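Trainee: Below: one structure in structure tokens.
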Amino acid sequence: LLDAQGRRVAAAPGAPDVTDAGLAALRRDGRTPDPDEPDVTLIANPIAGGMVVWRHDPRPVRDLQDSLTATNARLEATVRTLAHRHEVEERRARLATRSELLADIGRIVASSLAQATALLRQSDGDADVRATRLSLLLFAAKRRCAVHLLAHQTDTLDAAVVVAQLRELAGIAGRAGVRAHVRATSEAPVPLDAASQFYTFTEECLADAMAT
């Protein structure tokens with residue numbers, strides 16, 4: 001988060017400073033390549049009193065797409081040599097599952113980006129609260145994507161892991177003055193669907209609290 005003079009007001013931990021050249025490009029074009037990572041783009045959105053700058057890194061999704069393409073190529077090569085139809089169908093089912101997984105993650109990312117864009121376009125209210133709301137939204141989306149990636153390995157998450165991540169969400173909201181307490185009443189493993197719903201529900205509750 002930069003003020004009108006381009007000075008840093010708030011930033012994620014470890015975020016590098018925007019160079020003078022980068023700042024000029026962001027003001028002119030709204031985006032510029034990251035000088036340290038050419039695949040990453042710095043994107044700016046004007047807000048009252050300055051601008052919000054964030055990094056767009058397409059590599060994770062691209063890596064997933066490359067992995068899916070490579071998996072498909074290996075599968076097609078195997079199908080040509082398999083004589084047993086049952087084994088062929090099992091491999092196709094696994095590929096379909098990974099395709100559905102990628103589609104689910106794509107929907108989560110698209111929905112989160114749409115909400116993030118709407119937040120960034122707001123010019124009223126406290127900029128720090130909007131920045132915290134954005135962090136909350138993206139953290140919850142990241143956790144939901146992680147749940148989907150685990151779906152082909154396990155059906156549950158350890159309750160302590162889910163509680164720790166919900167407390168991280170509460171900690172993010174704490175930057176905006178929202179006080180929340182997360183406590184588990186059971187140590188039973190949490191089904192993945194339930195964990196994803198917990199992240200969404202908690203993020204929405206904390207966002208509502210910040211709005212009031």
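Coordinate-derived values only; no laboratory data. Keep in mind the model is a prediction, meaning the values are calculated, not measured. Neighbour counts are summed over all protein chains in view; Cβ atoms, including those assigned to glycine, are modelled from backbone coordinates with ideal geometry.
Trainee: Given the -39500 (n - 2.57) contribution per DSSP H run of 4+ residues, what per-residue ellipticity at 222 nm results for the chain, rounded to the nearest 500 deg cm²/dmol?
Mentor: On the way: 6 runs with 128 residues, N = 212.
Per the formula, -21000 deg cm²/dmol.
Trainee: Could you give the length gained by full extension between R31 and V79, i.e. 0.36 nm per residue of separation minus their alpha carbon distance, to one decimal place?
Mentor: That pair, R31 and V79, stretches by 12.8 nm at full extension.
Trainee: In addition: P33: net charge of surrounding residues, Cβ under 13 Å, Lys/Arg +1, Asp/Glu -1, itself excluded? Kindly include the intermediate steps, with their values, before the conclusion.
Mentor: Working: positive: R31, R55; negative: D29, D34, D36, E37, D39, D57.
The answer is -4.
Trainee: Okay, moving on. Show the residues, 5+ positions off or on another chain, whose built amide H is closer than 5 Å to the amide H of I47.
Mentor: For I47, whose amide H was placed from the backbone, the distant partners under 5 Å are V52.
Trainee: Modelled label-to-label distance, A4 and C205, 7 Å Cα→beta-carbon offset: nm?
Mentor: 4.1 nm
Trainee: With Rg and Dmax of the Cα atoms in Å defined as stated, name the option among (i) 17.6, 56; (ii) 19.9, 79; (iii) 20.9, 68 computed from the structure displayed.
Mentor: (iii)
Trainee: Considering the dipole of the chain built from charges on the beta carbon (Lys and Arg +1, Asp and Glu -1) around the Cα centre, which of A146, M210, G6 is farthest to its positive end?
Mentor: G6
Trainee: Another question, if that's okay. For a Förster distance of 30 Å, can you work out the FRET efficiency between the beta-carbons of L68 and T41, rounded to the nearest 0.05?
Mentor: Working: r = 23 Å, r/R0 = 0.78.
Working from the Cβ atoms, E equals 0.80.
Trainee: Would you tally the net charge around K142, using a Cβ to Cβ cut-off of less than 13 Å, leaving K142 out, and scoring K and R as +1, D and E as -1?
Mentor: On the way: positive: R143, R144; negative: D57, E168, E203.
Around K142, the surrounding residues sum to -1.
Trainee: Label-point separation (nm) for R92 and A160, each offset 7 Å from Cα along Cα-to-Cβ?
Mentor: Placing both labels 7 Å along Cα→Cβ, they lie 4.5 nm apart.
Trainee: Let me spell out the model: positive unit charges on the Cβ of Lys and Arg, negative unit charges on the Cβ of Asp and Glu, origin at the Cα centre of the chain. What dipole size does that give, in debye rounded to 20?
Mentor: On the way: 26 positive and 28 negative charges, 36 e Å.
Dipole magnitude for the chain comes out near 180 debye.
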